[in-house]
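J.: Dumping the structure here so I can ask a few things about it.
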Amino acid sequence: MRQATTTTGGHLLSTCAESSEHSAGSPLSGNSTLSEGSADSVHSGSGRLPRRLVQLYAGLALYGASSALLVESGLGLEPWNVLHQGLAELTGLTIGVVSIIVGAAVLLLWIPLRQRPGLGTVSNVFVVGIAMDGTLALVPEAHTLAVRIPLLVAGIVLNGVATGLYISARFGPGPRDGLMTGLHRRTGRSIRLVRTVLEVAVVATGFALGGTVGIGTVLYAVAIGPLAQLFLRVFAVRTAPDGSTVVAAGQREGAILPR
């Protein structure tokens with residue numbers, strides 16, 4: 001879900017966040033903006049909020065489903081799921097349950113970092129893990145490359161779609177991204193460096209515990225940045241001058257790719 005590929009993924013996935021770090025409304029620009037989703041949901045027009053809620057939960061559910069497809073492919077996982085799978089092998093718990101436990105533990109680390117969670121942050125902890133286990137229960141095991149490769153490709157593309165939906169809803173960062181931005185602010189180190197160090201650590205630990213690292217990891221690292229930016233444009237929500245909800249034509253500013 002690698003060591004060498006995580007560095008690549010960290011650079012790719014953090015580039016868009018780092019480049020827009022000081023933009024208005026960026027979740028990287030200060031503590032107050034990390035709960036942008038929560039505050040914005042209070043002041044949103046009635047026509048805008050329902051769409052954002054649908055995008056949030058559809059995105060989180062699809063993220064869990066996409067991660068499950070990567071698990072079923074057996075060709076490599078994204079960084080944090082390497083750790084989740086390794087811990088699942090160690091404990092006998094399902095990977096979805098481990099994802100929930102790790103997400104909750106990471107959220108506790110927000111306290112000393114003075115991060116403030118939004119609705120999307122808390123929802124991320126539970127919805128992704130539940131969706132992952134649900135999808136794994138429904139999708140039959142794949143034994144041949146003729147099936148596993150399409151599962152891998154579908155998982156990566158669906159992950160990009162899910163990322164665009166979830167981030168564009170603007171209900172706060174996921175717990176793992178909040179950890180990244182909190183460490184960035186407290187240490188003064190770049191987003192790129194912090195993300196790379198975190199992902200190398202979780203991948204190395206997960207791999208040592210039995211998590212799957214492979215070609216899928218490389219493809220994910222290379223593809224997820226461009227895919228996420230594409231779907232951020234597709235699903236971005238803004239309010240037109242007349243108050244109606246429209247799809248923004250421009251790129252979503254200040255985005256952080258989960259999780």
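The values are calculated or read from the model by the stated rules, or taken from the named source; none is laboratory data. On a predicted model such as this, the values are computed, not experimentally measured, just so you know. All Cβ positions, glycine included, derive from the backbone under ideal geometry; neighbour counts span all protein chains shown. For the accessible areas, the whole protein counts, side chains as well, though only heavy atoms, and no ligand, DNA or RNA atoms are used. Shrake-Rupley method; radii C 1.70, N 1.55, O 1.52, S 1.80 Å.
J.: Label residue 147 and residue 205 with points 7 Å out from Cα along Cα→Cβ: what is the distance between them in nm?
T.: About 3.4 nm separates the two model spin labels.
J.: Identify the residues of region 160-192 with backbone N under 18 Å of a label point that sits 7 angstrom from the Cα of residue 54 along the Cα-to-Cβ direction, or state none.
T.: Backbone N within reach: 161-171.
J.: With the full set of protein chains in place, find how many percent of the accessible area of region 72-188 is carbon and sulfur; take the probe as 1.4 Å.
T.: Numbers: 3350 of 4640 Å².
Solvent-exposed carbon and sulfur of region 72-188 make up 72 percent of the total.
J.: With a 1.4 Å probe and every protein chain left in place, work out the accessible area per residue of region 69-175 in Å², rounded to a whole number.
T.: Working: 4230 Å² over 107 residues.
Accessible surface, normalised per residue, equals 40 Å².
J.: Using only alpha carbon pairs under 8 Å that are at least six residues apart, calculate the relative contact order of region 61-213 and give it in whole percent.
T.: The normalised contact order for region 61-213 reaches 46 percent.
J.: I'd like the Kirkwood hydrodynamic radius of region 140-243, using the inverse of the mean 1/r over distinct C-alpha pairs, in Å.
T.: Numbers: mean 1/r = 0.0618 Å⁻¹.
Computed over region 140-243, the radius equals 16.2 Å.
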